[in-house]
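Here is the structure we will look at.
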Amino acid sequence: MMSNNKIESAASHVALPALPYADNALTPVISANTIGFHYGKHHKGYVDNLNKLVAGTEFADLPLEKIITETAGKADKTAIFNNAAQTWNHTFYWRSLRPKGGSEPPAVLKQKIEASFGTLDACKKELATAAMAQFGSGWAWLVLDGNKLKVVKTANAEVPMTTGMKPLLTIDVWEHAYYLDYQNRRADYVNAVLDKLIHWDFAAENLG
Ligand code: MN
């Protein structure tokens with residue numbers, strides 16, 4: 001009985017954070033149906049898998065970020081890394097979007113965008129290009145690298161933190177993020193997200 005309780009508490013170490021809005025709040029760009037699967041099945045699945053994988057291991061009581069950095073690049077820890085990073089990435093993705101997003105970034109971020117890309121449009125174009133150029137599953141990111149903003153893409157579960165960059169926002173370009181709503185039209189999904197949902201205030205907060 002005691003040991004069961006112990007396993008249970010270790011197994012629920014990492015929690016699935018609540019969505020920051022209702023499941024239909026991002027329509028018509030992202031449907032409640034997509035959110036239902038993406039958050040309710042995919043994101044939840046990563047959290048559940050992670051908890052199963054770390055139960056009873058040296059990672060069981062570590063914060064999520066620490067699990068990611070401790071397992072990154074270690075061939076025998078790939079499953080833990082993938083599920084931990086995907087847990088983190090999805091929480092960050094939901095927060096990178098908001099209903100009635102898009103529009104103008106706050107001044108502090110806009111200045112940095114203009115210093116790094118010239119214009120906001122050039123920054124958005126670079127994000128869209130990275131999102132389109134990611135072959136297969138992955139993520140497009142706006143990051144702070146030193147004092148400069150950059151756009152990078154990562155494959156599968158990879159995260160920019162493991163290479164010293166600070167993520168400001170992300171767009172999920174795994175097919176499960178858009179296929180129910182856009183089928184193969186990834187560009188339409190990415191451009192609609194950038195124009196109508198991207199949460200520039202969240203990105204500005206992450207400048208720190
Ligand atoms: Mn996803």
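Observations, loosely collected:
- Any hit, region 134-142, residues being more than 16 Å from the ligand (Cβ to nearest atom) and within 16 Å of Ala203 (Cβ to Cβ): yes
- Residue list for region 95-104, restricted to those being in contact with a Phe, Trp or Tyr (Cβ under 9 Å, 6 or more places away or on another chain) and either within 25 Å of Arg185 (Cβ to Cβ) or assigned to a helix (DSSP H, G or I) (or both): Arg95, Ser96, Leu97, Arg98, Pro99, Gly101, Gly102, Ser103
- Scan of region 163-185 for residues that are of a type outside the set (A, V, I, L, M, F, W, C) and touching a helix residue (DSSP H, G or I) at 6+ places or on another chain (Cβ under 6 Å), ordered by number: Pro167, Thr170, Asp172, His176, Tyr178, Asp181, Tyr182
- Remark: pairs (first residue in region 181-208, within 16 Å of Ala128 (Cα to Cα); second residue exposed (fewer than 14 other Cβ atoms within 10 Å of the Cβ); Cβ separation under 8 Å; 6+ apart in sequence or on different chains) = Lys196/Lys100; Trp200/Ser103; Trp200/Glu104; Trp200/Pro106.
- In the set (1) modelled with pLDDT of 95 or more; (2) over 17 Å from Leu149 (Cβ atoms), Phe92 fails one condition alone, (2).
- Region 4-72 holds helices (runs of 4 or more DSSP H) entirely within its bounds, and those carrying 3 or more residues that are modelled with pLDDT of 95 or more and away from the ligand (no atom under 16 Å from the Cβ) map to 44-54, 64-71.
- Candidate set from region 73-82 (those that are in contact (Cβ under 8 Å) with a residue 40 or more places away in the chain and in a helix (DSSP H, G or I)); member that is surrounded by the fewest Cβ atoms within 10 Å (Cβ to Cβ): Asn82
- Count of residues meeting criterion [under 23 Å from Glu158 (Cα atoms), out of contact with any strand residue (DSSP E or B) (no Cβ under 9 Å at 6 or more places or on another chain) and hydrophobic (A, V, I, L, M, F, W, C)] in region 171-208: 1
- Single unsatisfied condition, Tyr46 versus (1) closer than 22 Å to Leu142 by Cβ; (2) in contact with a helix residue (DSSP H, G or I) (Cβ under 8 Å, 6 or more places away or on another chain); (3) surrounded by 15 or more Cβ atoms within 10 Å (Cβ to Cβ); (4) in contact (Cβ under 8 Å) with a residue 12 or more places away in the chain: (1)
- Condition check for Met161: in contact with an Asp or Glu (Cβ under 6 Å, 6 or more places away or on another chain) and surrounded by fewer than 21 Cβ atoms within 10 Å (Cβ to Cβ): no
- Region 21-41: number of residues that are without any contact (Cβ under 8 Å) to a residue 60 or more places away in the chain and among the β-branched types (Val, Ile, Thr): 2
- Failed item in (1) over 20 Å from Phe37 (Cα atoms); (2) under 17 Å from the mean Cα position of the chain (by Cα); (3) among the small types (Gly, Ala, Ser), with Ala122 passing the rest: (2)
- Unique match (being surrounded by fewer than 22 Cβ atoms within 10 Å (Cβ to Cβ) and either in a helix (DSSP H, G or I) or polar (S, T, N, Q) (or both)) among Ala187, Ala130: Ala187
- Any hit, region 105-120, residues being within 15 Å of the ligand (Cβ to nearest atom), at pLDDT 95 or above, crowded, with 18+ Cβ neighbours inside 10 Å and in a helix (DSSP H, G or I): no
The values are calculated or read from the model by the stated rules, or taken from the named source; none is laboratory data. Because the structure is a prediction, the values reported are computed rather than measured. As a convention, Cβ positions derive from the backbone with ideal geometry for all residues, glycine included, and neighbour counts pool all protein chains shown.
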